[in-house]
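Worksheet for the structure shown next.
The values are calculated or read from the model by the stated rules, or taken from the named source; none is laboratory data. Quantities reported herein were computed from a predicted structural model and do not represent experimental measurements. Methodologically, a virtual Cβ is constructed for each residue, glycine included, from the backbone with ideal geometry; neighbour enumeration extends over all protein chains shown. In case anyone asks, the SASA skips ligands and DNA or RNA and just uses the protein heavy atoms, side chains included. Shrake-Rupley method; radii C 1.70, N 1.55, O 1.52, S 1.80 Å.
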Amino acid sequence: MSMNASGWKPEMGSGEKAEQVETFTGNRALMLEEPLIFEMEEEAGTGVDFAPAAKVQSRLGGFERNKPINLPGLSEPQAVRHYTRLSRQNYAIDLGLFPLGSCTMKHNPRLNEKVARMPGFADIHPLQPVDTVQGALQLVANLGEWLIKLTGMHSVAMSPKAGAHGELCGLLAIRSALEARGDARQVILVPESAHGTNPATAAFAGYRVENIPANERGRVDLDALKARLGPDVAGVMITNPNTCGLFEPDMTEISKAVHEAGGLVYCDGANFNAIVGRVRPGDLGIDAMHINLHKTFSTPHGGGGPGSGPVVFSEALTPFAPLPFVEQQGERFVLIEEETAEEHHSQNFGRMTAFHGQMGMFTRAMSYILSHGADGLRQVSEDAVLNANYILRELEDVLDAPFGASGPCMHEALFSDKGFGGGLSTLDLAKALIDEGYHPMTMYFPLVVHGAMLIEPTETESKATLDQFIGALRSVAQRAKAGDESLKAAPIHAPRRRLDETQAARKPVLVYKEAVQAQAAE
Amino acid sequence: MRYLPLADSDRQEMLRAVGARSVDDLFVDVPEAARLSGKIEGLADHASEMSVERQLGALARENIVAGEVPFFLGCGAYKHHIPASVDHLIQRGEFLTSYTPYQPEIAQGTLQVLFEFQTQVARLYGCDVANASMYDGSTACWEAIAMARRITKRGKAILSAGLHPHYVSVAQTMARFTGDLLDVALPELSAETDIDRLLASIDAETSCVVVQYPDIFGRIPDLSVIADKAHAAGALLVAVVTETVALGAIRSPGEMGADIVVGEGQSIGVGLNFGGPYVGLFACKEKFVRQMPGRLCGETVDAEGKRGFVLTLSTREQHIRREKATSNICTNSGLCALAFSIHMTLLGEEGLRQMAAINHARAVQAADRLTQLPGVELVNDSFFNEFTVRLPKEARPVVRALADRGVLGGVSLGRLYPGAEALQNGLVVAVTEVVTDEDIEALATALQEVLA
């Protein structure tokens, strides 16, 4: 190879495994450390240009700010760089399989983002006269119709802002219905395997929570439930499929028994992805169910929200649904708020939020639903269930599947830490999975299985990605069962090693304080 | 179908691997009577991107867009200019499609943003600590009332008449079920807030006084006077801020003595979105932190001694405490909190103060112009970017008539307080930095016509 005039020639250098060489910056090539905005030495002051304000006589009533707020400002290049560098420290669905059980981490279609940003949806105010927002109201009404038809229920409340908010909506409707009957009751029954929001919500709605035991097949013990039902039981909160990833085959009997005892049935719809298009919860006798639009209907998780939790109701609960909601009157769509509610919906239990609900999530969900259609949605649940069963069967020789022998799972597969050697735990396995390039599955939930690992692949994973994940999980599971101590050091390749959560809770530092940070650096 | 990667050959192979003849075998636990043999009737089949865009685009075009007409609506949701980079950054897949940061080693992006967000909110509100967001201002307001009850162990909250009526309605709904007593009152169409009523009502049974700042009419109440009286009686002051930009011009509620400050962050980074998703802000004094609802992000170190961030104090929360949790909230408003933080970082204190100054100046100019119209009286003495005028006739039909003329002229009190006769001639007008001289002139002209 000839050299050019500048002296450059290709050189491979050494291929020997590098020791952990310290860099001056602390960076490791594309893995970049990033300070807090409050720590940046050079701060532009602001990255937004404004024309000067006109000089006016202040009408602020003497409440003008006289102290600095102390907020740093970055120029646009600095800000873009700051947030881009931070984003690269996150795992995401866009990067790879995100196997969190009961979270339904499916692909978030970009068409959803385009539709949500159409000015006719994004740039309208909730209090505009309704005749100026008919298209928006129609979308909300249409989405409501789809949700009603998919669930086989009677009506829908669109306003709850997330799943837990929807759970509260359902329980408050149940409580209102019973009080209207002059039959207020004190107890709600919740399976031990339920998501934490269920008992929290029931307590908030003013109920005492009691557990329903599970049978050895991981389902609700119907006999134990029937034995407990009585005049003090307002109802049950059931997740179906349940949090062990199993369909409750006795669901219709459960609903019947609860109704016969004078109670009502709340269904947690977090696992709707397993049955959408194949089973209508309404056919199973339930009275209320929230739907997580950010799960089954693909609206993005966004690092912790926003979500949306519309609630479908049976005929019995429909009169108690909260305000506001959209109604079609002839050719026109109207918003039923406090004013008009008195006439036709006088038993509504009130209002759960300002304005009307998560329009930004409605547009995204509508885009998803129209894209899939009735045929596509049925395929969604089929592929979701097939993918989960594939994972279950391919791994049950190396990981203990407590309910694997009793039949197929639904959209999620459940394993336990049985057989792990050397004092290793589910946590250790999960941290090792991070090094393999995956976000861990849901850990230690449901509570009824020791060291639980709940895996929900969703339908948007190809067979190839499933096989890669299965291979990685097989490898770390084998290491766990062999008592491989190196798992305790995991993760070693992530932007951070294991973080000290005990210290974080013992001495909480929740905001940046100049003096505190300087001390820590010493 | 474009979002479903499995090929039929994959499905066949996988069915063989799980020992099923068809996917129906996997649904064996579903009772016969509940099984749908085919797709649900009466619903359309799948559609291409092009078709979906067309259908939904048609619905979108039926609406009058705030950015395309003279626009003066506020009352808890405000139109501000959001810098272009905000929307690009929140759409990065690592932010958009990430999850709650339960595995902190691979979520430092989200966690560091939350720490910065908490710090920004605490400083804006003049408080010691803030959480990682609530759904919106109205639910944050209720959670503050519930928190005040837990702290003081008293069951009566006094709500100022200037609190947004939707926020009042949410609190009343929840209080019906929790047994909290709420002392509420309708506002009066006058320059004075109901501060006298509040001061007179505070007693030994009061858990908190809830005061909106600026209030629903845009009036700015003296929080420190209320704080003093509340504290003397062993009660808390909860301040509610529905327009974050106001804090670029007026003093923080925390420095005026508020114990808990909540509000709506929508003005910063989050567009109008027809009412949601928004972002609830929640801040308080350090001593109350273990009673706070919602997620909290805290600083710590990793096994190599490097600084990092984690969700902390989780024993307050539903996934640990279940029925004893401080709130049932799980998913909150992460992406909107990110948008808020990015916008606030781009603004900085300098930009926020400039933005606030422009808002106030435009509002003053608009108020002066509108009060030139015969019969239009300004109700407020004080205001930031929102004020109330008394019209010579009922405001609600006026608003509709203005809309017919292509002007979105404000929120009528008839819309917010139907049936409250004394308020029916009131119109709340919000004026932000997006409002131009031409817009103000268009509103004045149209209003003059409608009132004639």
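Treating only the Cα positions of the range B:1-88 as identical point scatterers, give the base-10 log of I(q)/I(0) from the Debye formula at each q in 0.21 Å⁻¹. Cα-only, vacuum Debye calculation for the range B:1-88: -1.24.
Relative to one another, the C-alpha centroids of the range A:393-453 and the range A:28-42 are positioned 36 Å apart.
Rounded to 0.05, the FRET efficiency of the B:Ala233 and A:Phe50 pair, given R0 = 45 Å and the Cβ-Cβ distance, is 0.55.
Each peptide among A:205-211, A:144-150, A:54-60, B:110-116 gets the average number of other Cβ atoms lying within 10 Å of its residues, and from highest to lowest they stand as B:110-116, A:144-150, A:205-211, A:54-60.
Take peptides B:439-451, A:161-173 and line them up by average Cβ neighbours within 10 Å, highest first, as a rough protection proxy.
On the way: B:439-451: 18.1, A:161-173: 28.8.
Taking the mean over residues of other Cβ atoms within 10 Å, the ranking is A:161-173, B:439-451.
Look at the dipole of chain A built from charges on Cβ: of A:Asn271, A:Cys244, A:Leu97, the Cα furthest out on the positive end belongs to A:Leu97.
Length available on full extension from B:Thr445 to B:Glu13: 0.36 nm per residue minus the Cα-Cα distance, which gives 148.4 nm. Per residue of A:111-118, other chain Cβ atoms within 10 Å of the residue Cβ number 5 on average. Around the amide H of A:Ile238, modelled in the peptide plane, lie the amide H atoms of A:Tyr266, A:Cys267, A:Asp268, all under 5 Å away and 5 or more residues distant in sequence or on another chain.
At a threshold of 8 angstrom on Cα-Cα distance, excluding pairs fewer than six apart, so keeping six or more, what relative contact order does chain B reach in percent? Please report the intermediate quantities before stating the final value.
Numbers: 835 pairs, mean separation 90.7, N = 452.
That works out to 20 percent.
For B:Ala58 and B:Glu205, calculate 0.36 nm times their separation in residues minus their Cα-Cα distance, and state this gained length in nm to one decimal.
Working: separation 147, 0.36 × 147 = 52.92 nm, distance 5.52 nm.
Length difference between fully extended and current span is 47.4 nm.
The equivalent ellipsoid of the range A:118-203 has semi-axes of 32, 16, 14 Å, largest first, where each one is the square root of 5 times an eigenvalue of the Cα gyration tensor. Projected label points at A:Glu315 and A:Glu396, each 7 Å from Cα along the beta carbon direction, are separated by 4.2 nanometres. With a 1.4 Å probe and every protein chain kept in, tell me what percent of the accessible surface of chain B is carbon plus sulfur. Taking all protein chains in place, chain B shows 49 percent carbon and sulfur surface.
With an 8 Å cut-off on Cα pairs and a minimum separation of 6 or more residues, tell me the relative contact order of the range A:234-390 in percent. The normalised contact order for the range A:234-390 reaches 21 percent. Model label points for B:Lys39 and A:Asp467, set 7 angstrom from Cα along the Cα-to-Cβ axis, are 3.0 nm apart.
Per residue of A:315-326, count partner chain C-beta atoms within 10 Å of its C-beta, then hand back the mean as an integer. Before the final figure, lay out the partial values.
Details: counts 0, 0, 0, 0, 0, 0, 0, 2, 3, 3, 0, 0.
Counting other chains' Cβ atoms within 10 Å and averaging over A:315-326 gives 1.
Over the range A:204-254, accessible surface divided per residue gives 36 Å², non-protein components excluded, 1.4 Å probe. Remark: accessible area buried at the A-B interface is about 17400 Å², both chains counted, probe radius 1.4 Å. Peptide A:129-139 has a mean shielding of 6, counted as Cβ atoms of other protein chains within 10 Å of each residue's Cβ. Counting only protein heavy atoms and a probe of 1.4 Å, the accessible surface of chain A is 51% carbon and sulfur. Is the range A:338-404 best put as rounded, prolate or oblate by its Cα gyration tensor, with a ≥ b ≥ c the root eigenvalues, rounded for a/c under 1.5, and otherwise prolate when a/b is larger than b/c, oblate when not? In terms of gyration-tensor shape, prolate. With a Förster radius of 30 Å applied to the beta-carbon distance between A:Glu42 and B:Glu255, the computed FRET efficiency rounds to 0.55. Taking only the Cα atoms of the range A:423-522, the radius of gyration and Dmax are 17.3, 53 Å. Between A:Trp8 and A:Arg81, the C-beta separation translates, for a Förster distance of 41 Å, into a calculated FRET efficiency of about 0.85. Annotation for A:Lys507 and A:Glu33: the two label points, set 7 Å from Cα along the Cα-Cβ direction, are 2.0 nm apart.
Taking only alpha carbon atoms, chain A gives an Rg to Rh ratio of 1.02, where Rh is the Kirkwood radius. Note on chain B: the C-alpha convex hull projects to 28.0 nm² when averaged across all orientations.
Checking the Cα-Cα distances for A:Lys106/A:Lys431; A:Lys106/A:Lys418; A:Lys161/B:Lys79 against a 24 Å cut-off, the pairs over it are A:Lys106/A:Lys418. Every Cα-Cα pair in the range B:88-157 was counted, and those over 14 Å apart are 72% of them.
Our note on the geometry: Cα centres of the range B:385-452 and the range A:287-364, 28 Å apart.
The value of relative contact order for chain A, using C-alpha pairs under 8 Å at least six residues apart, is 17 percent. Taking one quarter of the surface of the C-alpha convex hull of the protein assembly as shown gives a mean projected area of 42.3 nm².
With protein chains left intact and a 1.4 Å probe, residues in the range A:1-156 average 53 Å² of accessible area per residue.
Report note on the peptides B:205-212, B:173-180: ranked by the mean count of other C-beta atoms within 10 Å, highest first, their order is B:205-212, B:173-180. Which one, B:Ala77, B:Ala60, B:Pro101, is farthest towards the positive end of the dipole of the range B:1-102 when Lys and Arg carry +1 and Asp and Glu -1 on their Cβ? Going by the charge dipole, the pick is B:Ala77.
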